[in-house]
Structures are given as structure tokens and as C-alpha cells.
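Colleague: Pasting in a structure now, in C-alpha cells, and then I'll have a few things to ask.
What follows draws every value from the coordinates through simple rules; no lab data is involved. In this text, all values refer to a predicted model and were calculated from it rather than measured experimentally. All Cβ positions, even for glycine, are placed from backbone atoms using ideal geometry, and neighbour counts span all protein chains on display.
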Ligand SMILES: NC(=O)c1ccc[n+]([C@@H]2O[C@H](COP(=O)([O-])OP(=O)(O)OC[C@H]3O[C@@H](n4cnc5c(N)ncnc54)[C@H](O)[C@@H]3O)[C@@H](O)[C@H]2O)c1
């Protein structure tokens, strides 16, 4: 078990405990704290949380709404949680996002901890402080920055995670490898079979490197005014595909399709060597994310136009510049539309 620290300037710090058995570290600090647990009903609940007052999240991604958040806030209030209280989210990115927003809002903000139970939440969403709920108009349109003070990343909680969700999490690790960390990419390439077979020795470095890479970016830019935007690689199209599917296709699968698109675009624009783009696309396919046909462009465009990254009719689009690096470019919606039409036709 190792501990990493995220200490952005002028923002509250987070401590991330990572490794098999990490949840054992929950018991001691909870002896002296009043805590409420927001849990995923499908995920295992660590013994240290079992006896605490709790509420189960309902309706998966479609329950990631202001109404879902209000339900949690009322349960916290009914349990008598006060300003010294603590909210612990135990689940995937959905439970973490709704829980984090509730913790940010309740009594104008209480302490928040996360126990991620999906690979996606472990490698990505539990660190960095972004919390959000969806509107029918689009993904994550309402939220707050409220970092978890403590995160307990225990890969043993992944035991019963469905394969589709496991691969969804691997897509975020692939994003991190393609956009930020060439060594992570190489590890994912070298140990693909073992990682797909859920060999914990091969998976552990994926989790640690992904979190370390995210911490490095968040420490430089906690409020996403600069380099943190590069973590949106694959997400502009990914979020549009997710909303277009009515939130039925898992987040990581949509991000993976967005990565294919960004890689194709970067290679066509001469931003990235074509051979590297093909290598990254081949690795995505190896992890169960082939370059599937896109829906018609006119169906995607309304979702793209509502993206948080649209400023003055141009999308702030992230493109890879090589394996392990990326850049951001303003792309007029019309140009994006043309590129998507070319992808649909190819
Ligand atoms: N805040 C951030 O920085 C950030 C980053 C990336 C993604 N996200 C958000 O995270 C969400 C996606 O998260 P996710 O992929 O974890 O999805 P999720 O939370 O919906 O979980 C996926 C599925 O796995 C089930 N599950 C969870 N843990 C399990 C376990 N251990 N065993 C068996 N089943 C289990 C859940 O019930 C659900 O059906 C999206 O809403 C996305 O927008 C947030």
C-alpha cells in the first residue's frame, strides 16, 4: 500500500492511499468521526462502512441529477449530519460525482472522502475534485470543485466488476497514456494480456501511474485554466456520444471512440506521426475499443454545441501530438462537423 499526495497551491490537499487492502486504513480515522455513506448498491461495501448511516444511489448514470443529489442531501440532513460530519462516497464515478456535489453543497461544504469501486473511478474520477450532475441538455453541466480529502483505492474491490465496466476504466488509463504518459502507454502495450486477465500485479502500475499522472496535472492547474484541459482528450466527442446514447453506453467506451477520432484527426493534420496514431488505435482495439461507426453528424452536433468547452462558436479541442503528449486547439464547430462527416464516411 502506498500513499500519494495531491497538493495544489491555494486548494485543499488530498491524500490517496493505493493498493490491495487499502480500505483497511478506513477503520481507524472513522472511530472519532460522524460519517454518512453514499454507496453504489452493486459494489461491495468495506466492513468499516457497513454500520454507518447510509443511502444507496438509484438509477445509475440516469440518476446523476439534481433530484438524485437532493435525495442524498435530505438523507444526510435526516441523519443529523452536522458541519463536522463527513460524507463518504463508495462506488463508481457516478456515486463519486453526486456525492462530491452533495458534500460541496451541504451546509455550504463538508469534508468528503472517496472509496472508488470501479476501475474508472480509481484511475480517474476519484482524484482531482471535479463533481457534477447532468442536465437533460448535456453531461456534467452543473457541478463544483470539491476534492476528496482522502481517497482509498483498493483494487480488490474490483472483483465483481462487469467486464464492460472494467474496459471502460481501461479507456481512461489509455487516454492518460496517449495524452500524458508514454511509459504508461508502453506498460499498457507490453502487458495487455495480463491486464485484460485482471492480473493485479500488472494492473497495479496502471492504477498508480494513472493517478500519479493526474495528480501532476491537477497540482499544476487545479481549476482547469491551462494544462488540465489536456485531460479532456477524447472527451468532447465522448461526452456527445454518451448524451446521444441516453447515457446507456459507459463513459469510457464513449471516450475511447473520441480517442479514435482525435488520433485520426491529429494524424490527418500532420500533428502526430501517422504510425504512432495507428499504434494507439491498435491498442485501443486490443482493449476492446474498436473504431465503430459514428451516429449521423446532425444528431451529434446539438450535443457538441452545448459542450462546456465551446467558446464563441469554437470548441476547445484536445489533439494528441505524439504518444504521451497533447495540445489544445480552437476548432470552429463547422470544421468539427466536416471532420466528423469525414470520419462517418471513412
Ligand atoms: N469527476 C471526474 O473527474 C470524472 C472523471 C471521469 C468520469 N467521471 C464520471 O464518472 C461516471 C462514470 O463512472 P463509472 O464508469 O465508474 O460508472 P458508474 O459509477 O456508473 O459504475 C459503473 C457500473 O458499475 C457498477 N459497479 C460499481 N462498482 C462495482 C463493483 N465493484 N462491482 C460490481 N459492479 C460495480 C455500478 O453499479 C454501475 O452499474 C460518469 O458519470 C462520468 O461523467 C467523472
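Colleague: Which residue fluctuates most in the GNM of the chain (Cα springs below 10 Å): 292, 131, 236?
Modeller: 292
Colleague: Looking at the chain as a GNM with Cα springs under 10 Å, which of 335, 35, 212 has the largest mean-square fluctuation?
Modeller: 335
Colleague: So if each residue of separation counts as 0.36 nm, and I subtract the Cα-Cα distance between residue 2 and residue 164, what length gain in nm does that give?
Modeller: Result: 55.5 nm gained on full extension.
Colleague: Roughly what % of DSSP beta bridges within the chain run antiparallel, to the nearest 5?
Modeller: About 50 percent, rounded to the nearest 5.
Colleague: Please work out how much length the chain gains when fully extended from residue 344 to residue 137, using 0.36 nm per residue of separation minus the C-alpha to C-alpha distance, in nm with one decimal. Can you show the working numbers first?
Modeller: Numbers: separation 207, 0.36 × 207 = 74.52 nm, distance 2.38 nm.
Here the answer is 72.1 nm.
Colleague: Give the value in nm², to one decimal: projected area of the alpha carbon convex hull of the chain, averaged over all directions. Don't skip to the answer; put the middle values down first.
Modeller: Working: hull surface 63.4 nm².
One quarter of the hull surface, i.e. the mean projection, equals 15.8 nm².
Colleague: Let me ask something additional. Tell me the relative contact order for the chain as a rounded percent, counting alpha carbon contacts under 8 Å between residues six or more apart.
Modeller: Working: 672 pairs, mean separation 53.1, N = 346.
It comes to 15 percent, rounded to a whole number.
Colleague: Take residue 334 and residue 248, extend 7 Å from each Cα along the Cα→Cβ direction, and tell me the distance between the two endpoints in nm.
Modeller: 3.5
Colleague: Could I have the simple spin-label model distance between residue 200 and residue 216, label points 7 Å from Cα toward Cβ, reported in nm to one decimal?
Modeller: Inter-label distance under the simple model: 2.7 nm.
Colleague: Something else about it: Using DSSP, restrict attention to beta bridges with both residues in the stretch 40-169 and report what percent are antiparallel, rounded to the nearest 5.
Modeller: 40
Colleague: Here is a further query. Using only Cα atoms, find the angle between the long axis of helix 66-78 and the longest principal axis of the chain, and express it within 0 to 90 degrees, rounded to the nearest 10.
Modeller: That helix lies at roughly 10 degrees to the long axis.
Colleague: So what is the calculated 222 nm ellipticity per residue for the chain, using -39500 (n - 2.57) for each DSSP H run with n of 4 or more, over all residues, to the nearest 500 deg cm²/dmol?
Modeller: -13000 deg cm²/dmol
Colleague: Specify the angular offset, from 0 to 90 degrees and rounded to the nearest 10, of the alpha carbon long axis of helix 333-345 from the longest principal axis of the alpha carbons in the chain.
Modeller: On a 0 to 90 degree scale, this one is about 70.
Colleague: Taking only the alpha-carbon atoms of the stretch 148-287, what semi-axes of the equivalent ellipsoid follow from 5 times the gyration tensor eigenvalues under a square root, in whole Å, largest first?
Modeller: 22, 19, 17
Colleague: Report, in degrees rounded to the nearest 10, the 0 to 90 angle that the Cα long axis of helix 93-105 makes with the longest principal axis of the chain.
Modeller: Between the helix axis and the principal axis of the chain, the angle is about 60 degrees.
Colleague: Using per-residue counts of other Cβ atoms within 10 Å, averaged over each peptide, order 9-20, 320-331 from highest down.
Modeller: 320-331, 9-20
Colleague: For the chain, modelled as a GNM with alpha-carbon contacts under 10 angstrom, which of 138, 60, 96 fluctuates the most?
Modeller: Between 138, 60, 96, it is 60 that shows the largest mean-square fluctuation.
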